[in-house]
1. Residue check, Leu21 against (1) over 23 Å from Glu130 (Cβ atoms); (2) modelled with pLDDT of 95 or more; (3) not in a helix (DSSP H, G or I), all met but one. Which one?
2. I'd like the full set of residues that are assigned to a loop (DSSP other than H, G, I, E, B) and among the β-branched types (Val, Ile, Thr), limited to segment 31-90.
3. Hey, any hits in segment 91-100 for a residue that's touching a residue at least 60 places away in the same chain (Cβ under 8 Å), in contact with a Lys or Arg (Cβ under 9 Å, 6 or more places away or on another chain), under 20 Å from Gln27 (Cα atoms) and not assigned by TED's automatic domain parsing to the domain that holds Gly208?
4. Can you confirm whether Thr225 is assigned by TED's automatic domain parsing to the domain that holds Glu149, over 17 Å from the mean Cα position of the chain (by Cα) and either at pLDDT below 95 or assigned to a strand (DSSP E or B) (or both)?
5. So which of Thr154, Thr165, Thr144 is in the same structural domain as Lys229 (by TED's automatic domain parsing), touching a strand residue (DSSP E or B) at 6+ places or on another chain (Cβ under 6 Å) and free of Cβ contacts under 8 Å to residues at least 60 places away in the same chain?
6. Restricting attention to segment 44-63, and to residues there that are surrounded by fewer than 21 Cβ atoms within 10 Å (Cβ to Cβ) and of a type in the set (Val, Ile, Thr), which single residue is nearest to Leu119 (Cα to Cα)?
7. Scan Val210, Val200 and give me the residue that is assigned by TED's automatic domain parsing to the domain that holds Thr153, under 13 Å from Tyr142 (Cα atoms) and in contact with a Phe, Trp or Tyr (Cβ under 9 Å, 6 or more places away or on another chain).
8. I'm trying to understand the selection: among the residues of segment 38-70, which are under 16 Å from Gln27 (Cβ atoms) and touching a Lys or Arg at 6+ places or on another chain (Cβ under 8 Å)?
Amino acid sequence: MFNYRKIVVLLITICLPVVALASTSEQLESAADAGNASFVLVTAPGATGVDQARQMIQNAMDQTPGSVMIESNRADVANSSFTQKYKLTAVPVPLVLVFASNGVMAGGNVASKLTAQQLVALVPSPKKAEVLKAIQSGQAVYVTASRSEMTSTTDVAKGCAAACTQMQGKCVAIDVNMDDQVEKGFLSQLKVDMQSTDPVTIVINAKGQVTGSYTGIVEVESLITSATKVAASGCGPKGCGGKPCGPAPKKGGK
């Protein structure tokens, strides 16, 4: 018997437009617009261990509210720009990359060398994400940690703003509340003296190296000198060899 219902369903299916899946870059942009951190699972045809990597990411997501998982097949032409941007053409897969809630890449590794806890630890705090974004844009950063009751906070902020003006926008100033528990780990990584009664300013050059640490009001010239200095080591917001590092704090830029 002729089945008109099947014919109707078939015609509807044929007439529906083909909707292409969003590329990795588009999905990352959407996640950043929503303020979500992203775990990107990079795969390729024939890759083994993908299911285990997915489960690990899911475990990390359970500990990271609002985070999302994005799968990126590097063989898909739609992902070519993403693959080229992060040089993923020949890297071992599955690979997991972590992106902050502002869309900046915070780190990653081959899935077999990661744990869920390590993935969670790679998700940066909001202020650290701001710092990473500035560095990846080629800017130096003045990170000032302070508390509302510190009387010199305004003068320190003015000094950082003046330094940025003289550097013609090649730096940014980012303020961090010492009492913000979300930023506690980041400030510890930068070796900020949490017992200080004056604001502490950490200078990070455009290469991501910590090149200055000051307590209290800082001379503008000192800030600029530190921001344009290249450190001998690879110290930066992520630390050196898994450990935080940086120069010893100076009082007033002296």
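The values are calculated or read from the model by the stated rules, or taken from the named source; none is laboratory data. Only a predicted model underlies this, so the values are computations on that prediction, with no experimental measurement involved. Note: ideal-geometry Cβ built from the backbone for every residue, glycine included; neighbour counts use all protein chains shown.
1. (2)
2. Thr48, Thr64, Thr89
3. yes
4. So Thr225 fails the test.
5. Answer to the selection: Thr144.
6. Step by step, filter segment 44-63, then rank; the result is Val50.
7. Val200
8. Within segment 38-70, Leu41, Val42, Thr43, Met69 meet the criteria.
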